[in-house]
């Protein structure tokens, strides 16, 4: 299992993006969490095998007219504040905050 931390920039708050992320994660068997950040970005913790993680991040890179649009996904080694051991140990995927 691999854990990835990402910050997503674009039109990703107030447009159903966290719900889209949770749906993709649940369907692909990814555990972790997603949270709106104060700067307008969304942070993600995703745990799964490498193939599923690649597909997950591909599916959440969207561009919808009038809906969520991802301009950039920035991968980081820095653990987001909403990290907890349950989501990183094969638990469910949670929408935080």
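Can you tell which of 40, 10, 32 is at positive phi and assigned to a loop (DSSP other than H, G, I, E, B)?
Values: 10 fails: assigned to a loop (DSSP other than H, G, I, E, B); 32 fails: assigned to a loop (DSSP other than H, G, I, E, B).
Going through 40, 10, 32 in turn, the sole match is 40.
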Can you tell me which residue within segment 57-68, out of those that are touching a strand residue (DSSP E or B) at 6+ places or on another chain (Cβ under 6 Å) and either at pLDDT 95 or above or over 14 Å from residue 18 (Cβ atoms) (or both), is surrounded by the fewest Cβ atoms within 10 Å (Cβ to Cβ)? 63
Scanning segment 29-75 for residues that are more than 12 Å from the chain's Cα centre (by Cα) and in contact (Cβ under 8 Å) with a residue 60 or more places away in the chain gives 71, 72
Quick one: count up the residues across segment 18-47 that are closer than 13 Å to residue 91 by Cβ and in contact with a helix residue (DSSP H, G or I) (Cβ under 9 Å, 6 or more places away or on another chain). 9
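I need the full set of residues from segment 13-28 which are touching a residue at least 12 places away in the same chain (Cβ under 8 Å) and at positive phi, in order please. Talk me through it step by step, then tell me what you get.
Taking segment 13-28 first, the residues touching a residue at least 12 places away in the same chain (Cβ under 8 Å) are 13, 15-22, 24-26, 28.
Matches in segment 13-28: 16 only.
The values are calculated or read from the model by the stated rules, or taken from the named source; none is laboratory data. The shown structure was predicted, so the numbers you read here are calculated from the model rather than taken from an experiment. All Cβ positions, even for glycine, are placed from backbone atoms using ideal geometry, and neighbour counts span all protein chains on display.
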